[in-house]
1. Taking the 0 to 90 degree range and rounding to the nearest ten, how far is the long axis of helix 165-175 tilted relative to the main principal axis of the chain, both from C-alpha atoms?
2. Give the Rg (one decimal place) followed by the Dmax (whole number) of the chain, computed from C-alpha coordinates and expressed in Å.
3. Quick check: the angle from helix 189-216's long axis to the longest principal axis of the chain, C-alpha only, nearest 10 degrees?
4. Relative contact order (percent) for the chain, with alpha-carbon contacts under 8 angstrom and 6 or more residues of separation?
5. Under a straight-distance cross-link criterion of Cα-Cα below 16 Å, which lysines are reachable from Lys250, leaving out those fewer than 8 residues away in the same chain?
6. What does the extension gain come out to for Glu68 and Glu33, with contour length at 0.36 nm per residue minus their alpha carbon separation?
7. Mind ordering 123-130, 69-76, 281-288 by average Cβ neighbours within 10 Å, highest first?
8. I'd like the per residue volume of the convex hull spanned by the Cα atoms of the stretch 325-403, given in cubic angstrom.
Amino acid sequence: MGYGVGDYPLWYYLIQPVIAGVVGYITNVLALEMTFRPIEFFGPELFRIKDQPWGLFGWQGIIPTKAEKMASVCFDLMTTKLLNLKEIFDRLDPKKFGEVMEDALLLMLDTVVNEVAMEYMPSMWSSLPKEVKDEVIVVMNIESETFLVGFMEEIKAHIDDILDIKQMTVAACVENKVLVNKIFQECGEKEFIFIRRSGFYFGFLFGLLQMGVFFIYDASWVLPFFGFLVGWATNWVALKVIFRPLNPQKIGPFTIHGIFLKRQKEVSETFARVNCVEILHTKAIWETILNGPLSSNFYAMLRAHSIVFTEKLVGGMKPLAVTAMGSQQFSEMKEEIAKKIAENLPIIMPHSYQYTTEALDMENTIRERMQKLSYPEFEGVLHPAFEEDEILLIFVGGVLGLIAGAI
């Protein structure tokens, strides 16, 4: 016995909501996978528009494709709402910094002075009385703290001139696109679980509508059309439910609020942790200062302080040294000591990492300030980075649904 205009058996209608639910689930899962993977473009790149995930034959995850743009947008919003670089570096205590670096610095200075002295005046240096050498060491001990404290004070005062933290962040994300994926995947872990599961629930509901239409109208385009509708609508509804309503709204006994926004405290902790562990950590900051686009400013500052320090260090032995080698060579020796100090100081910087991390306290700063943001401000830190590509994600879901419906 058949039913409807097509005289189909009853099971043919009843199975349609289930199939629609399965299609909704699969399209949402595939759409999410295509959001994050593959990391690099997969397929022959015969034709491709810049910064678009699709090519004539191939695909790259939406987020890896937009890694540079997303990192830039996210960082701009983060620095306007959460971080002030000058304020963060003002937390460094130059005196404390000097204390944690003292042993490594003195060892480095002792090595540098010995190397340069043996190069420029080997006979005189070897024959110098122990008391004279000890005097150099005493001066070294006294002046090294002054040197580091003065240098760190200038770093704090001119941190924006030696550290381009936006360039550091964006470069890290572009070089390692997995980092961008990790930020979004860990911050939105529960929302992505919701998107996958909601695909079945919403798909099932749309499947009931599809069943009713198919009962009275069984044209060949109905199933592909509803396949597209299920794929499109399940993604659209899921994304809207995540971020809307923006502020809690009371409807009878229920409070309706975007599920991502309700997790502001938890998401803030994850966002701060991932960023500070993977990107904004002390080692990366110092490497950017030493090797980044503004490193020449850093080395100019370091050289200036090194020359002043060297002048004080060797000032006591100047009469003997000038007599032995002449004023010109003595000046060259001072320049060599200053040069070697500037070259070797970055090598011992790792001794300061633990103190610097504790002093800057960036993770707690980002977490606490992010938790205090209003809901619109909180959404603005993460959502705008990929908001413009939501339509592409929704369209991908629709196309996948269309294919499933046609099959």
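1. 60
2. 32.0, 118
3. The angle comes out at about 20 degrees.
4. Result for the chain is 30 percent.
5. Candidates past the 8-residue exclusion: Lys262.
6. 10.6 nm
7. Most protected by this proxy first, the peptides run 69-76, 281-288, 123-130.
8. Expressed per residue, the convex hull around the Cα atoms of the stretch 325-403 is 257 Å³.
The values are calculated or read from the model by the stated rules, or taken from the named source; none is laboratory data. Treat the numbers as computed from the prediction; the structure is a model and nothing was measured. Cβ atoms come from the backbone with ideal geometry, glycine included; neighbour counts cover every protein chain shown. Protein only, heavy atoms only, side chains kept; ligands, DNA and RNA dropped before computing areas. Shrake-Rupley method; radii C 1.70, N 1.55, O 1.52, S 1.80 Å.
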